[in-house]
Amino acid sequence: MHFKPDTPSLTIVLALLTALGPLSTDMYLPALPALARHFGATAADVQLTLSAFLFGFAVGQLGYGPISDKFGRKPVLLAGLGLFVLSTVACTVAPSIWMLVVARFVQALGASGPIVLARAVVRDLHEGASAGRELSRMGTIMGFVPAIAPTLGGVLLQVADWRAIFAVQALLAAALGTFVVLGLPETLRSASTAPLSLTAILRGFGTLLRHDVFRVYVGLAALTYAGLFAFISGSPFVLQGIYGLSEIAFALAFALVVVGYMCGTLLAQQALSRRGLDGTIAIGVACMAGGGGAMLALVYAGAGPWLAIVAPMMVFGLGVGLAFPQAIAAAMGPFPHRAGAASSLLGICQMTFAAAVGIGLGHALGPSPLPMPAVIAAAGLLALALFQLTSRIRGVRSDFP
């Protein structure tokens with residue numbers, strides 16, 4: 001078995017690698033209220049299992065990219081998958097909410113490798129709009145995971161407790177590691193000759209951050225993901241706790257939002273040919289701003305049941321599917337020989353910002369549903385404003401392949 005470049009089999013494997021992070025989060029979303037009851041914890045305490053995961057995801061990405069630039073994508077990827085499996089087993093036996101928070105942090109250290117390296121593999125094999133198109137294809141396939149993960153988690157809660165969710169995650173990751181061992185090719189064309197040390201890594205990150213185009217697209221990716229994460233972390237408490245949805249009903253509502261995201265990735269594949277990266281992002285940020293603003297207005301006006309949250313979030317998700325993969329491709333575009341480092345730094349910025357937003361939202365959650373729509377609307381509107389205000393910077397991209 002060997003997955004050749006530019007084939008559906010390789011795209012599927014790369015998509016599943018990027019889906020490991022969403023699987024780690026979305027599958028246990030229906031269990032968040034149950035975790036609070038089991039450990040006698042507050043909503044803010046339980047929300048830390050999500051934010052700790054994002055912080056771990058950010059910290060983990062510090063080394064994976066630069067190390068893989070020097071030693072290759074495949075061995076570093078396998079090391080991350082191994083750490084993920086071991087830490088996920090630790091999650092299943094956590095005796096307290098705080099031990100679960102620690103185990104989730106380590107789990108994220110493992111999960112961060114696959115997403116960084118999957119993006120780096122795409123940049124190894126594709127350039128410009130072609131990279132955006134491949135990332136969109138991966139996003140479409142990856143979208144099936146968050147669509148079915150909450151439902152699977154809800155079903156497991158009907159026949160077992162929350163620990164079974166982490167046990168299944170460990171088994172799925174081990175199976176994915178087997179496919180990587182047997183079929184994933186090494187795509188690094190030439191190893192980096194830069195010295196491998198923390199100082200060298202940080203110096204390289206500084207070079208990336210001095211690039212205006214990189215900063216703009218990283219900002220767009222961070223705002224996009226922060227709005228999505230606000231829904232991921234806040235929706236179990238809002239839809240189940242305030243609107244009274246059952247665990248299965250919540251999972252189905254969550255799946256509707258994922259359908260919006262998947263539609264966005266499908267539309268992006270068509271729009272890229274006509275509008276390019278920036279034109280596709282423009283449609284996406286407009287959808288995010290419109291969806292977030294509509295949700296805030298509907299909830300503030302007290303309109304309707306749970307659909308007042310889910311329907312606008314589907315529009316926001318559509319925008320994420322259009323904008324997020326293209327922002328990643330555009331951020332990494334100028335750095336074909338530093339694809340790993342660029343992917344790492346992008347992920348660090350994206351996850352750290354989203355984790356901070358999640359912690360703030362966790363403390364703001366209460367009997368009112370308003371904090372979550374307010375954060376989502378702010379993320380969408382800020383992304384639209386950033387895109388509009390940086391047209392001059394984005395227009396000067398002569399160093400793109």
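Just so you know, all these numbers are worked out from the coordinates, no wet-lab data involved. Please read all numbers here as calculations on a predicted model, not as lab measurements. Every residue, glycine among them, receives a Cβ derived from its backbone with ideal geometry; neighbour counts consider all protein chains shown.
Annotation: for a label point projected 7 angstrom from Cα along Cα→Cβ of SER197, residues of region 55-81 with backbone N closer than 20 Å are 62-71.
Could you work out the relative contact order of region 1-98? I mean the mean sequence separation of Cα pairs under 8 Å and 6+ apart, divided by the number of residues, in percent. Intermediate values should be presented prior to the final figure.
Details: 21 pairs, mean separation 20.7, N = 98.
Contact order relative to length: 21 percent.
Each of the peptides 159-169, 59-69 was scored by the mean count of other Cβ atoms within 10 Å over its residues; in descending order, highest first, they stand as 59-69, 159-169.
Under the definition of Cα pairs under 8 Å and six or more residues apart, what whole-number percent is the relative contact order of region 103-225? Taking the mean separation of contacting Cα pairs over the length of region 103-225, I get 21 percent.
Farthest toward the positive end of the dipole of the chain, out of GLY319, GLY360, ALA329, is the Cα of ALA329, where the dipole comes from beta carbon charges about the Cα centre.
Long hydrophobic helices in the chain, taken as whole DSSP H segments with a C-alpha length of 30 Å or more on their own axis and mean Kyte-Doolittle hydropathy at least 1.6: 163-183, 307-332.
The distance separating the Cα centre of region 6-30 from that of region 211-280 comes to 15 Å. Across the chain, C-alpha contacts under 8 Å between residues 6 or more apart give a mean separation that, scaled by the residue count, equals a relative contact order of 27 percent. Taking the Cβ-Cβ separation of SER368 and ARG163 as r and a Förster radius of 35 Å, what is the calculated FRET efficiency to the nearest 0.05? After rounding to 0.05, the efficiency reads 0.60.
Where does the charge balance sit around ALA286 when Lys and Arg score +1, Asp and Glu -1, over other residues with C-beta under 14 Å from its C-beta? So the surrounding residues net to 0. Descending by average beta-carbon neighbour count within 10 Å, the peptides 89-96, 240-247, 352-359 line up as 352-359, 240-247, 89-96, the highest first.
Under a model in which nothing but the beta-carbon of Lys, Arg (+1) and Asp, Glu (-1) is charged, the chain shows a dipole of about 720 debye around its Cα centre.
When only alpha carbons of the chain are considered, Rg and Dmax amount to 19.7, 59 Å. Projecting the Cα atoms of LEU77, MET372, TRP162 onto the dipole axis of the chain, where Lys and Arg carry +1 and Asp and Glu carry -1 at the beta carbon, places LEU77 farthest toward the positive end. Between LEU386 and ALA356, the modelled label-to-label distance comes to 1.2 nm, taking each label 7 Å out from Cα in the direction of the beta carbon.
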